[in-house]
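Notes to accompany the following structure.
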Ligand SMILES: [Zn+2]
């Protein structure tokens, strides 16, 4: 794929297909019929169980591998190369593709499913990706905290729970027990907007 010399760390590969697990009602929410302990994280959230086989088959650009996304956010790894994300006195580097409409100088927090980046990959992403080239927000955040997940939301049903939506659900929302998580949502605070190092890549203003 032109402009994509590397396959991003969080991209799913075609060999990484989630097995068809049967979703059943369990306790106050959902579980898998033949659930294993590693299907849930330490907070008890049920995750989409995908095997980890990066490099096997074809990269599926646009599809995010659940466990690598989770690991990249938790360990602050670059979403493209998997090495530590860029960090300086102002915090860790994040690149948001779309400026949230309500982003103003008074905005104090943002949520995203995008992991951070290292500087070379951030610069490369902005150069390679036509959307990003037009409009992006680079920021450095000092505080980042997982606050929920994005995933498949179910509701009670017979004979089995029914899939109703794909949604972001906060950890303190009771619907978290009815969600099969696919990506972690992180809240960024104490951030400052920044420019990537090359002045030529500054986004248009106004
Ligand atoms: Zn990188």
Completion exercise
Fewest to most Cβ atoms within 10 Å: 187, 155 sort as 155, 187
Fill in the blank from the handout: Bridge orientation stat for the chain from DSSP, antiparallel percent rounded to 5, came to 95
Problem - Inverse mean reciprocal Cα-Cα distance (Kirkwood Rh) of the range 54-97, Å - result: 11.8
Problem - Sorted by Cβ neighbour density within 10 Å, fewest at the top, the residues 144, 171 - result: 171, 144
Problem - Rg/Rh for the range 114-156, where both radii come from Cα atoms and Rh is the Kirkwood radius - result: 1.14
Practice task
Please report 53, 123, 153 as a ranked list, fewest other C-beta atoms within 10 angstrom at the top and most at the bottom.
Solution key: 53, 123, 153
Handout entry: C-alpha center-to-center spacing [the range 1-54, the range 139-172] in angstrom
Key = 14
Exercise for the section: For the range 1-102, list log₁₀ I(q)/I(0) at each q in 0.16 Å⁻¹, using the Debye formula over Cα point scatterers of equal strength and ignoring solvent, two decimals each. Expected result: -0.87
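Tell me the Kirkwood hydrodynamic radius of the range 62-149 in angstroms, computed as one over the mean inverse distance between distinct C-alpha pairs. Let's see the in-between values first.
Details: mean 1/r = 0.0740 Å⁻¹.
For the range 62-149, the Kirkwood estimate is 13.5 Å.
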Completion exercise
With Cα coordinates, the longest principal axis of the chain makes an angle with the long axis of helix 119-128, in degrees rounded to 10, of 90
Exercise for the section: Determine, at each q value in 0.10, 0.17 (inverse angstroms), the log₁₀ of I(q)/I(0) that the Debye formula gives when each Cα of the chain is one equal point scatterer. Expected result: -0.47, -1.19
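Every number in this text was worked out from the coordinates using simple rules, so none of it is lab data. From a predicted model like this one, the values you see are computed outputs, not experimental measurements. All Cβ positions, even for glycine, are placed from backbone atoms using ideal geometry, and neighbour counts span all protein chains on display.
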